[in-house]
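The structure under discussion appears below in the form of structure tokens.
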Amino acid sequence: MAARRKKLGILTFHKCINYGSYWQARCLAEGLKARGHEVELLDHDCKCIRRAEVRCALQPALPERTPRHQLKHYAEKTRRFVRAIAQLPLSKRFSLHEPQVPAQYDAIVVGSDEVWNFRHPWYGSRPIFFGEGLKADRLVSYAASFGNHSAWDGIDGEWAAKLGRFSAISVRDENSWHLVRNGTSREPEIVLDPCLQFPKVIPKQSARDGSYALVYGHLFPEWLKHKARGWADRRGIRLVSVGYSNDFADEQRIAADPHDFARLMSGAEAVITNFFHGCVFALLNGKPWASAPSDYRSIKIPDLAATLGAQHRLIAEDIQISELADLLHTPVLPEVGANIERARARSNAYLDAALD
């Protein structure tokens, strides 16, 4: 049963020039609105973070510099993201350095994304994401993550104490579960990423681009480039890279906006990715997929796969092209879909209790 109507604020990384960040923010906002609540994304702002986002958007593969002829495409992608973000249900803007949220909320929902990642290059260790300065009757987290901050490194007592203000805590991966459990002695719920929890928000119409496999990510290892290219040539299928330039792909869709990304995912025959939300969108669309997680994503992608029973989708250098072909020809297994449905029910139950 849905909770009574409340005014909710969502605190997340909604301004990142990143498809996953955009869609998880929008899905959570619209998903909570569909449950009968008034919802705003808390529009925190900081010049230094804006500069960092633009620098990362234009130069995503540093220290390797973006070729000059591609800069215009990354700049167009950035402009399209700015326009898309401006259409989200945003609160009155406030400074991240003076985190006094300019409204009173019945509840503030912190997450999804790596909101508690101490290692994030520009959002790491920001007290606001641990509840500081937030004005609300209740603090709740939904699908929060510590990103690549390992459970083996623990949480300092000062940060763990801040989580004591939360009336309900949920995370999206096992690593974050252990960090919360070991730091606070509380057992958080593991819930679905908002894109999997509230999928109706995401457009399903396919891009009309013929037969293609989608490549999403960057800095892929050489062995994966070689084997993906070999599979595509044997299969007679185009490789289309979305959001980033990848030299082993046939086509670069660098400037794709969030809706273009969703349509390309929906229309792909298979997905090759090293990004978390590449895996999420492949699962969401029931697509065959394979992932070799980057170092930065070496915790959250395996945790996602393990939670949903899709560990076989993670690949390493010793994989044969024939084995890769099997993965990229086999859609999401029925048991994985069943695991997603069970997790969706568990996530709904958590939200019912947390927002009641």
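Tabulated results
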item	result
The lone exception for Asn175 - which of (1) touching a Ser or Thr at 6+ places or on another chain (Cβ under 7 Å); (2) under 21 Å from Ala353 (Cβ atoms) it fails	(2)
Test: residue in the range 172-193 that is at pLDDT 95 or above, more than 19 Å from Ala290 (Cβ to Cβ), crowded, with 22+ Cβ neighbours inside 10 Å and among the β-branched types (Val, Ile, Thr)	yes
Tally, over the range 67-91, of residues that are more than 24 Å from the chain's Cα centre (by Cα) and either part of a loop (DSSP other than H, G, I, E, B) or among the charged types (D, E, K, R) (or both)	3
Test: residue in the range 131-139 that is free of Cβ contacts under 8 Å to residues at least 60 places away in the same chain, under 21 Å from Ser21 (Cβ atoms) and assigned to a loop (DSSP other than H, G, I, E, B)	yes
Enumeration of residues in the range 291-302 that are touching a helix residue (DSSP H, G or I) at 6+ places or on another chain (Cβ under 7 Å) and either surrounded by fewer than 21 Cβ atoms within 10 Å (Cβ to Cβ) or at positive phi (or both)	none
Subset of the range 47-63 [under 22 Å from Tyr19 (Cβ atoms) and in contact (Cβ under 8 Å) with a residue 24 or more places away in the chain]	Ile49, Arg50, Ala52, Glu53, Val54, Cys56, Ala57, Pro60, Ala61
Condition check for Ile315: in contact with a strand residue (DSSP E or B) (Cβ under 8 Å, 6 or more places away or on another chain) and within 23 Å of His149 (Cβ to Cβ)	no
The range 5-45 - residue that is assigned to a loop (DSSP other than H, G, I, E, B) and out of contact with any helix residue (DSSP H, G or I) (no Cβ under 9 Å at 6 or more places or on another chain) and, of those, nearest to Gln87 (Cα to Cα)	Asp43
Hits in the range 49-108 (condition: loosely packed, with under 15 Cβ neighbours inside 10 Å and of a type in the set (Ser, Thr, Tyr))	Ser95
Check on Leu28, under 19 Å from the mean Cα position of the chain (by Cα), modelled with pLDDT of 95 or more, crowded, with 22+ Cβ neighbours inside 10 Å and farther than 23 Å from Gly278 by Cα	no
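Each row is one residue, and each column tells you yes or no for (1) out of contact with any Gly (no Cβ under 6 Å at 6 or more places or on another chain); (2) of a type outside the set (Gly, Ala, Ser); (3) not assigned by TED's automatic domain parsing to the domain that holds Ala143.
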site: Trp177; (1), (2), (3): yes, yes, no
site: Arg186; (1), (2), (3): yes, yes, no
site: His218; (1), (2), (3): yes, yes, yes
site: Lys225; (1), (2), (3): yes, yes, yes
site: Ala232; (1), (2), (3): yes, no, yes
site: Leu239; (1), (2), (3): yes, yes, yes
site: Ala262; (1), (2), (3): yes, no, yes
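The values are calculated or read from the model by the stated rules, or taken from the named source; none is laboratory data. From a predicted model like this one, the values you see are computed outputs, not experimental measurements. Glycine gets a Cβ as well: all are built from the backbone with ideal geometry, and neighbour counts include every protein chain shown.
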